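The values are calculated or read from the model by the stated rules, or taken from the named source; none is laboratory data. The model shown is predicted, which means the values in this text are computed figures rather than measured ones. Virtual Cβ from ideal backbone geometry, glycine too; neighbours counted across all protein chains shown. Areas reflect the complete protein model, heavy atoms only, side chains present, ligands, DNA and RNA absent. Shrake-Rupley method; radii C 1.70, N 1.55, O 1.52, S 1.80 Å.
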Amino acid sequence: MYVYVVRRILQAIPVLFGISILLFFMMHAIPGGPMAMYEHQPGMTKELLAQIKANFGLDKPLWVQYWNWVRGAVQGNFGYSYSYGQPAIQMVLQRLPATLELMLSAYIIGVLVSFVIGVISATRQYSVTDYTLTILSYFGVAMPTFWVGLMVLVIFAADLHWFPAGGISSSGTVFSLGDRIWHAVLPVSILAVYQVAHESRYVRSSMLDALSEDYVRTARAKGLLRRVVTWRHALRNALLPVTTVMIMDGAYLFGGALITESIFSWPGMGRLFAQAIAQDDYPVIMCEISLLSVIIILANIVSDVLYAYMDPRVRYD
Amino acid sequence: MALATEPKASEAVAVVSRQRVSVFRKIFRRPITILAAAFILVVALAAIFAPWIAPYTLNNPDLNAMLAPPGIHHLMGTDDVGIDLFTEVLYGGRISLSVGVISALVAVIIGGTIGSLAGYFGGWVDEILMRVTDVGLSVPSLFIILGLSAVLGATPVTIVEIISLTSWMYPARLIRSRILNLRNADYVDAARMVGCRSGRIIFRHILPNAISPLIVNCTLLVGQAIVLESVMSFLGAGIQPPHISWGFLLNQAQSYVSNAPWLAIFPGLMIFLVVLCINVVGDAVRDSLDARNDK
């Protein structure tokens with residue numbers, strides 16, 4: 001097992017290397033190149049610019065520059081935001097808790113509801129319930145998150161005033177859990193609905209496979225309650241293929257958060273990114289992409305290792 | 001070996017052509033699929049013939065009817081300067097649909113080529129190409145897409161490039177695994193034995209037999225690409241005027257969403273319905289090609 005974990009981490013190294021090269025060349029494709037941030041500053045002269053260029057080693061060969069950039073990135077040095085002058089990494093990390101609050105709530109709700117819906121669909125395959133849930137999930141998958149977000153905002157915040165139109169908490173008040181939840185309802189449910197639409201299908205098909213296995217028939221033949229067979233025997237085995245999908249979905253939820261946050265003015269990483277895009281704030285853009293790439297790679301490793309751990313039949317040599 | 005398979009080959013051709021008819025029939029077995037395909041066709045034709053169908057023009061705002069609600073004169077209402085929204089939706093469909101279709105095709109061609117080379121040659125070619133694919137799968141795609149559009153600028157052409165460069169990985173893996181299965185099939189050995197070159201074997205012998213999952217994937221990618229383009233445009237990193245797309249219209253609608261909701265409803269509805277129909281057709285194609293469903 002440990003050997004497998006170590007090998008899996010070693011395998012991630014070439015991928016990280018590839019990503020770093022990709023990002024490095026993206027940096028150099030930025031209008032003005034990596035020096036662009038200094039050209040912006042007031043009172044900048046040509047001599048000073050050349051001086052800075054030499055200081056940063058930008059007159060050196062490309063591979064030396066690449067090495068320096070990677071060294072900086074590993075230490076969390078992604079340069080300073082053009083718009084705010086703060087270190088990019090600091091700005092991104094400041095926004096991380098808000099994003100995690102949004103994503104984790106949506107993720108937990110999404111996973112639980114997916115299981116319930118998926119299992120119900122599978123145990124009543126081809127019933128009216130199954131068809132209705134299937135159609136709903138079709139709708140959920142095809143609906144663009146940002147459009148649904150916009151519509152929900154209009155209906156429930158602007159017209160009905162049931163929920164606030166955005167933000168993470170009412171301004172000028174002390175922290176209260178109720179207020180936080182009240183603000184989180186709309187963005188969290190949109191993220192969760194989208195996730196349920198995707199994942200309940202996986203749970204359904206995985207459950208269908210499990211339900212047709214011999215051990216399920218054996219359990220039923222023993223006279224066990226149908227409920228017990230479904231939730232304890234079949235579901236445990238159906239979990240296996242679904243886990244991988246769900247962990248990776250967790251990492252990709254950042255993409256959904258990006259859209260949801262910018263619609264609901266949620267002060268998280270996604271909104272920061274959307275603002276950085278609008279303001280051409282390249283250091284923040286690059287910093288956030290690098291960080292998320294690492295998170296996705298980690299999620300990949302975790303899901304593979306967990307799969308190997310959960311299924312004793314899987315042996316990696 | 002080669003001789004023994006020859007009469008069978010001609011039989012196979014007949015079977016294939018008969019299969020094609022039945023596959024087509026199978027795809028459109030359910031009325032919902034016909035409905036979905038018909039809707040896509042109508043929207044596509046409306047977009048193509050937009051200049052002839054559109055009741056108004058894009059640069060002739062009706063200053064007496066700014067932010068007019070949907071009605072007889074303006075089917076979907078008008079925007080903040082009095083341009084007919086129905087006209088805008090028709091023209092917007094041209095970019096949305098063509099960006100979607102072209103991006104998906106380019107992505108499938110890139111992915112298909114990389115996957116075929118990796119699967120057919122194996123060894124270090126496979127190793128390198130699959131690591132590149134892993135890199136593509138390990139980057140946060142929506143973030144990379146927006147980042148690239150900030151760096152490269154957003155024109156219809158760069159948007160197609162950006163979307164296809166971030167969606168080829170799945171088709172590449174798909175075709176690679178198919179080719180790994182077919183690489184040592186008897187008829188491929190036979191082709192190799194009579195001296196076919198690698199390129200001919202891949203494109204004439206293996207690909208036609210490996211292509212069906214790719215077609216399904218391409219269909220679904222069209223829907224994905226339409227959504228990606230609209231997200232880009234919605235966040236202001238996509239289509240810029242004078243071009244318009246459904247996502248761009250939604251971006252414009254944001255500021256008027258409470259007093260002119262129709263500006264957000266109709267373009268969004270178009271994206272939703274088109275993607276929904278594409279998914280329905282794509283799934284029908286998959287089900288009809290899936291041999292397991294024949295039982």
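I need every pair where a residue in the range B:110-124 that is open to solvent by 50 Å² or more (accessible area, probe 1.4 Å) has its Cβ under 9 Å from the Cβ of a residue that is among the acidic types (D, E), sequence separation at least 6 or different chains.
Cβ pairs passing all conditions: B:L117/B:D126.
Specify the residue that is farthest from A:Q279 (Cα to Cα); the eligible residues are those in the range A:76-99 that are more than 17 Å from the chain's Cα centre (by Cα), in contact (Cβ under 8 Å) with a residue 40 or more places away in the chain and outside any loop (DSSP other than H, G, I, E, B).
A:I89
For the range A:119-165, how many residues are more than 14 Å from chain B (Cβ to nearest Cβ), touching a Phe, Trp or Tyr at 6+ places or on another chain (Cβ under 9 Å) and aliphatic (A, V, I, L, M)?
Total satisfying the criteria: 1.
I'd like to know if the range A:252-263 contains one or more residues that are at positive phi, among the small types (G, A, S) and without any contact (Cβ under 8 Å) to a residue 40 or more places away in the chain.
Looking through the range A:252-263, none of the residues is at positive phi, among the small types (G, A, S) and without any contact (Cβ under 8 Å) to a residue 40 or more places away in the chain.
Pick out the one residue from A:E261, A:E288 that is charged (D, E, K, R), at the interface with chain B (Cβ under 10 Å from one of its Cβ atoms) and buried (at least 19 other Cβ atoms within 10 Å of the Cβ).
Checking each option against the conditions leaves just A:E288.
Could you tell me which numbered condition A:M248 fails, if it satisfies all but one of (1) farther than 22 Å from A:Y307 by Cα; (2) surrounded by fewer than 17 Cβ atoms within 10 Å (Cβ to Cβ); (3) of a type in the set (A, V, I, L, M, F, W, C)?
(1)
Which one of these does A:I301 not meet: (1) within 10 Å of another protein chain (Cβ to nearest Cβ); (2) surrounded by fewer than 18 Cβ atoms within 10 Å (Cβ to Cβ); (3) among the aliphatic types (A, V, I, L, M)?
(1)
From the set of residues in the range A:230-269 that are in a helix (DSSP H, G or I) and of a type in the set (F, W, Y), which is nearest to A:T99 (Cα to Cα)?
A:F254
Looking only at helices (runs of 4 or more DSSP H) that fall completely inside the range B:172-242, which ones have 1 or more residues that are open to solvent by 10 Å² or more (accessible area, probe 1.4 Å) and among the aromatic types (F, W, Y)?
B:186-193
Mind checking which pairs have a first residue in the range B:236-248 that is modelled with pLDDT under 85 and a second that is surrounded by fewer than 18 Cβ atoms within 10 Å (Cβ to Cβ), Cβ under 6 Å, 6 or more apart or different chains?
From the range B:236-248, the pairs are B:G236/A:A278.
Any idea how many residues of the range B:269-285 are touching a Pro at 6+ places or on another chain (Cβ under 8 Å) and at pLDDT below 90?
Here is the first cut: in the range B:269-285, the residues touching a Pro at 6+ places or on another chain (Cβ under 8 Å) are B:271-272, B:275.
In the following step, the residues that additionally are at pLDDT below 90 were identified as none.
Final tally of qualifying residues: 0.
Go through the residues of the range B:130-147 one by one and say whether even a single one is within 13 Å of chain A (Cβ to nearest Cβ) and not in a helix (DSSP H, G or I).
Yes, the conditions are met somewhere in the range B:130-147.
Filter the range A:275-285 for residues that are within 9 Å of chain B (Cβ to nearest Cβ), of a type in the set (A, V, I, L, M) and open to solvent by less than 20 Å² (accessible area, probe 1.4 Å) and give the result.
Across the range A:275-285, the qualifying residues are A:A276, A:I277, A:I285.
Would you be able to say whether some residue in the range A:165-183 is among the β-branched types (V, I, T), crowded, with 21+ Cβ neighbours inside 10 Å and at pLDDT 75 or above?
No: the range A:165-183 contains no residue that is among the β-branched types (V, I, T), crowded, with 21+ Cβ neighbours inside 10 Å and at pLDDT 75 or above.
In the range A:121-223, which helices (runs of 4 or more DSSP H) lie fully inside it and hold 3 or more residues that are touching a residue at least 40 places away in the same chain (Cβ under 8 Å)? So that I can check it myself, show each step before the final result.
Values: elements: A:128-142, A:145-152, A:177-211, A:214-221.
Those helices (runs of 4 or more DSSP H) span A:128-142, A:145-152, A:177-211.
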